[in-house]
1. For the peptides B:437-444, B:28-35, what is the packing order when you average, over each peptide's residues, the other Cβ atoms within 10 Å and list the highest mean first?
2. Give the angle, between 0 and 90 degrees and rounded to the nearest 10, that separates the Cα long axis of helix B:409-430 from the longest principal axis of the Cα atoms of chain B.
3. Under 16 Å from a label point 7 Å along Cα→Cβ of B:A255: give me every residue in the stretch B:66-100 with its amide N that close.
4. For chain B, which semi-axes, largest first and in whole Å, follow from the square roots of 5 times the eigenvalues of its Cα gyration tensor?
5. Helix B:510-534 sits at what angle to the longest principal axis of chain B, using alpha carbons and giving 0 to 90 degrees rounded to 10?
6. Excluding residues fewer than 8 places away in the same chain, name every one of the lysines whose C-alpha is closer than 17 Å to that of B:K146.
7. Taking neighbour counts of Cβ atoms within 10 Å as a proxy for exposure, in what order, fewest first, do B:M293, B:M517 appear?
8. Just need the Rg to Rh number for chain A, please, alpha carbons only, Kirkwood Rh.
Amino acid sequence: MNVRIKKSDGLKEYQVPALSPSMTVMDILDYVYANLDRSLAYYRHSACNQGICARCAVKLDGKTVLACAAQVPGDAGTIVIEPVSDKVVRDLVVAS
Amino acid sequence: MTMHTVTSDVLVIGGAGAAVMAAVSALRQGASVTLASKGRVGRSGNTIMVGGSFGIDGESAREVCGEPEANQEYTREKLFHKLVTSAFQIGDQRMERHFVDAAPAAVAELLGWVKDAGQVFKFMPKASRWRTSGRPFGAALRHGLKTHSAINVCEDVMVTDVLTSGGTACGALGFDVYSGELTRFKAKSVILATGGYQPFSLQNSISDMTGDGIAMALRAGGSAVDMEFLLFIGTILEPLYAKGSLLPYLLSIPAMFAPRPKVTDLDGVELEFPDDPRYRVKPADTKVNKLFMTYFYGKGIWKKWEKYGNAFYYDYSAYGDEEIRQAFRTFADSQKTWHRKGHYHRIDLDQLAGDIISNGKRLKVGFGNEYSMGGVLVGPDFAAHGVPGLYAAGEVTGGLFGAFRSGDGLTEMLAHGATAGESAAAFAKDAASRDADDLEAKAAWLEAPLTRTAGLSPVDALARLYALCDKGFNYYRSGRELAQAYADIGALRAELGGMALSCPSRKYNLEWMQSVMVKNLALCAESGIYAALERKESRGTHLRDDYPEVNNKDFLFSYAASLDGDVLCYAERAPQETFLPLDRTVYPNIADCIAQTILENA
């Protein structure tokens, strides 16, 4: 799938393979970070990844979601991931 | 680079149960208190990953916590005896006694916060346990902290080292994860409440269980014990959206999920859990099943480890589609007090049921790391061995649960936090404020990866660390694989001094955070692998394929690790017969030892 991420220095596009019929946004961000762009800032420290801590919010195609809970079908064409507010610290991380 | 300074009598490092309880306890003693947490308090730390329940003995549940129906046959002495035997005797009996004695008041205080915060915990009288979940537990902790507003709370600050003056703890160094600004915490005493270490790719814990406090204590001159003992439970591998959930453990409890899976390897060969009355557990002992499962199922998984690694199936093909769907609906209903309708945390249970059915009615599972028994060596007042002014509480400590935790981590952290807070406040009362003599060196160590343009990436370093531990230091072990893992971790640790980042930004730089965490985790893992290699027997969660016997004749001791420069050194520490005599019997295997000593079924 094409993954467009609104980074601090502009919109970047990444090609992410379908690792599963359904991936979470966090799975996608983890893939981008580990394999394509290690400069990517997204909320990942002290994260529960189970929808408990509620700190990994991003916008997926304009809608606010928790990255660890929102699922994207493996055959989704293009998705856009943006920071959840204007208080951007860097890339997808916003001030709490 | 500017450095922010925060001053208090007592510094508490951590963001969950042990830290909050320690901070409240120290404040109550009249100390000024700062709490520094890597994440948000009550929204980070292993505490919020609680899947089911926690408890204390039935006598105290009635007398101290006001539960009139609590099982009075589950006495304080029974709990103490269970702790000693479950630790496979290498626990510190003084800490085990402290757990029994101190936990009830600490639990009662937490239950007060639960009530005041409008949260619901449900008491189960027979097992003397409270059912709960991570979110209400976190909410209760936040409430507890809020009602003690004099505590100075610094969130999203990653503490990287304890600072010392002439070998005495006098604060800590950290950085704000958003701005990257360094913070120097000046304190007369320091409490580590940072949780355990999990060096594997499959975990069901919070993302950064990287042994930060254990490694900080080692670098400050302290010791770590029992690092080879790590607890595992069934954890989802696939579907990917549910990976890391500890649901399989809950699904293995008949009272929670009726269908009984056939457990098989990936070729469909059944993994046997013998139907033997000697292995039957009582309601208060259900945690023993965690160890039984890794022992019995692990034997079969280990035979094909090179082919499949840590993976097996829960096979529900004996049940119809509707039976499976209905069982998940019933389970969801039992969870509705704490989870969204139809969900367990983020997982839509109807979706999961459908995916299991379409996968040949199989759920792909592995044993994920839940908890580390080992940690900072402390005395009965929770003072860290070898570092005056340094204290530790909760999972970061070693010594309470020895080789296997049958008691509850949630109860542990509350009891430890309460006492560590008192001890650290008492130390601070008589201590002078000191300037650290290692601040510059530790700041340089922290910032070095930011300044390099080439070197090992922390991302690759972490991947290597997980891979070598997955392969050679998992829940089933043998000398050959452990020796390889020990060589590999040594080689990796030697390279960590030259790490470099892809991006030099100080602002929310995950690689920078990981550069610290991988160093911490590698230190913990090396000490664990060494002890596992040298421990030529099986004990608790340390399951040796080549040495199945529990050898109380030759191995009734703990390995204690400490640092000499950057080199780990080890000493043997024998347990003391403070309250109960030690059993020197050699048992042929783990299951027989459990049946005879913990369950007393033999």
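We did not get these values from a lab; they are worked out from the coordinates using the rules stated. These numbers were taken from a predicted model, which means no experiment stands behind them. Cβ: placed from backbone, ideal geometry, glycine included. Neighbour counts: every protein chain shown.
1. Answer by packing, highest mean first, reads B:28-35, B:437-444.
2. Compared with the principal axis, the helix lies near 20 degrees.
3. It comes to B:69-75, nothing else.
4. With the √(5λ) rule applied to chain B, the semi-axes are 35, 28, 25 Å.
5. Tilt of helix B:510-534: around 60 degrees.
6. Cross-link targets: B:K115.
7. By the 10 Å Cβ count, ascending: B:M293, B:M517.
8. 0.92
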